[in-house]
Amino acid sequence: MARVTIKDIARTARVTPTTVSNVINGRHARVSKKTIQHVRQVVAHLGYTPNQTARSLVSSVSKLVGVLIPFTEDRNKLLLDNPFYGEMVSGIESSLRANGYHMMLAGIDEGNIDLAPFLQWNVDALIVLGVYQDLLYSSVRSLDLPTLLIDSYVRDDHFFNLRLDDKLAAHQATTHLIDNGHRRISFVAGAIREDGVIARRHEGYRAALSERGIAYDPDLVFTGSVSFDYGKKVASAIASDPSITAAFCAADLIATGLMSGLQMEGRRIPEDISVMGFDNISIGKMLYPALTTVDQGILARGESAGSLITSALAGQAVPKDMRTPTTIIERASVATIGNARRG
């Protein structure tokens, strides 16, 4: 079916295309109330929807916000393979929609950065997840658009930032395990990149150990990718060391894989080894035993991101650096052992 045009409406309503345009675009001072009502009836009857691309060319406002997810690890590049991104993007989209905007979502490969589609669609702003001070950062910076970075430690006043205190959250998670009597605690995470989220969580892990007089052992640190498969892969190494009584995973997706692998190795959770995650993705409470984790309110953070960027586009005062709180969700995957000092 051919798209209904302003000319079609004008012909049916027996008015000029200019009159139709005035009605559709709210320029009612130039049109009588009777004509406005008549044109609106014809618009509804013909099922007209405005061509947003054409309107954006005229007004320089597209009502589109680009959302970029960088592929930062050498693994299967499925855009929403990680449930964390699914929940975050859901929050962003619902908030943008509530504020009259639409989302343009794309995965960006570090080896093939192409932001041309965002320019072609004339996006009004960008939201970027987890960018580092690298080529993608430089490419995004060059677009000179209002841009919100989520979970990034790039230092540049051009950007708005929404993030956690990752070091503090990891410190609290590790302390929770120590308070439950654990001393030999593994840290399992994705690749540690300078000034990245995982690096900050590793710092928090080390700080908590040091604060309680526990020596840092690099042999207890396992880093690879934020994936179920990686967690499952390192399970055999952790299971082979009976001195390890707990593992702090820097992402729930890793923790789910680790729990699966440990159970395949014949290790009981939490009787033989405790597992703690980070994120509080929905699958964590579906596991058996249910996963103790750090809740970062993923969906709410996505909603905040959408609200913040649309507020900035509306010319409202928005702080450049915003941090959201975390809380520990205690479930069944962490046991108390030895002479624990809870609380």
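The values are calculated or read from the model by the stated rules, or taken from the named source; none is laboratory data. Bear in mind the structure is a predicted one, so any value in this text is a computation, not a measurement. Please note: Cβ atoms are built from the backbone with ideal geometry, for glycine as well, and neighbour counts cover all protein chains shown.
Condition check ((1) within 17 Å of Leu177 (Cβ to Cβ); (2) surrounded by 15 or more Cβ atoms within 10 Å (Cβ to Cβ); (3) in contact with a helix residue (DSSP H, G or I) (Cβ under 9 Å, 6 or more places away or on another chain)) across all residues:
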position: Ala239; (1), (2), (3): no, yes, yes
position: Ile254; (1), (2), (3): yes, yes, yes
position: Leu258; (1), (2), (3): yes, yes, yes
position: Gly266; (1), (2), (3): no, no, yes
position: Ser274; (1), (2), (3): yes, yes, yes
position: Gly277; (1), (2), (3): yes, yes, yes
position: Gly284; (1), (2), (3): yes, yes, yes
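Which residue pairs have Cβ atoms closer than 7 Å, lie 6 or more positions apart in sequence or on different chains, and pair a first residue in segment 95-106 that is on the phi > 0 side of the Ramachandran plot with a second residue that is of a type in the set (D, E, K, R) and modelled with pLDDT under 95?
Matching pairs, first to second residue: Gly100/Lys63.
From the list Leu136, Leu145, exactly one residue is surrounded by 15 or more Cβ atoms within 10 Å (Cβ to Cβ) and modelled with pLDDT under 85. Which is it?
Leu136
Confirm whether Leu168 is closer than 30 Å to Thr310 by Cβ and not in a loop (DSSP other than H, G, I, E, B).
Against the criterion (closer than 30 Å to Thr310 by Cβ and not in a loop (DSSP other than H, G, I, E, B)), Leu168 qualifies.
Residue under question is Leu96, and the condition is that it be surrounded by 19 or more Cβ atoms within 10 Å (Cβ to Cβ), out of contact with any Asp or Glu (no Cβ under 6 Å at 6 or more places or on another chain), more than 26 Å from Ala251 (Cα to Cα) and modelled with pLDDT of 90 or more; does it hold?
For Leu96, the condition - surrounded by 19 or more Cβ atoms within 10 Å (Cβ to Cβ), out of contact with any Asp or Glu (no Cβ under 6 Å at 6 or more places or on another chain), more than 26 Å from Ala251 (Cα to Cα) and modelled with pLDDT of 90 or more - is met.
Residue-by-condition table, conditions (1) aromatic (Phe, Trp, Tyr); (2) at pLDDT below 95; (3) surrounded by fewer than 22 Cβ atoms within 10 Å (Cβ to Cβ); (4) assigned to a helix (DSSP H, G or I):
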site: Ala173; (1), (2), (3), (4): no, no, no, yes
site: Ile178; (1), (2), (3), (4): no, no, yes, yes
site: Ser186; (1), (2), (3), (4): no, no, no, no
site: Ala189; (1), (2), (3), (4): no, no, no, no
site: Glu194; (1), (2), (3), (4): no, yes, yes, no
site: Glu203; (1), (2), (3), (4): no, no, yes, yes
site: Asp219; (1), (2), (3), (4): no, no, yes, yes
site: Phe222; (1), (2), (3), (4): yes, no, yes, no
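Could you tell me how many of the residues in segment 250-302 are on the phi > 0 side of the Ramachandran plot and touching a Phe, Trp or Tyr at 6+ places or on another chain (Cβ under 9 Å)?
Total meeting the criteria: 1.
Here are some residues: Leu126, Leu115. Which one is of a type outside the set (S, T, N, Q) and within 17 Å of the chain's Cα centre (by Cα)?
After applying the criteria, what remains is Leu126.
Counting just the residues of segment 314-331 that are of a type in the set (A, V, I, L, M) and in contact with a Phe, Trp or Tyr (Cβ under 8 Å, 6 or more places away or on another chain), which one comes out modelled with the lowest pLDDT?
Going through the qualifying residues, I end up with Val318.
Name the one entry in Ser304, Ser260, Ser236 that is among the polar types (S, T, N, Q), under 23 Å from Val89 (Cβ atoms) and in a helix (DSSP H, G or I).
One residue alone meets the criteria, Ser304.
Name every residue in segment 19-46 that is over 44 Å from the mean Cα position of the chain (by Cα) and closer than 16 Å to Thr5 by Cβ, in order of residue number.
Thr19
Answer yes if at least one residue in segment 6-24 is part of a loop (DSSP other than H, G, I, E, B), modelled with pLDDT under 90 and surrounded by fewer than 16 Cβ atoms within 10 Å (Cβ to Cβ), and no otherwise.
No - not one qualifying residue is present in segment 6-24.
Among the residues of segment 38-49, is any closer than 22 Å to Asp252 by Cβ, in contact with a helix residue (DSSP H, G or I) (Cβ under 9 Å, 6 or more places away or on another chain), modelled with pLDDT of 90 or more and outside the structural domain of Ile254 (by TED's automatic domain parsing)?
No, there is no match, as no residue in segment 38-49 is closer than 22 Å to Asp252 by Cβ, in contact with a helix residue (DSSP H, G or I) (Cβ under 9 Å, 6 or more places away or on another chain), modelled with pLDDT of 90 or more and outside the structural domain of Ile254 (by TED's automatic domain parsing).
Could you check Gly306 against (1) modelled with pLDDT of 95 or more; (2) touching a helix residue (DSSP H, G or I) at 6+ places or on another chain (Cβ under 8 Å); (3) in the same structural domain as Ser225 (by TED's automatic domain parsing) and say which number it fails?
Condition not satisfied by Gly306: (3).
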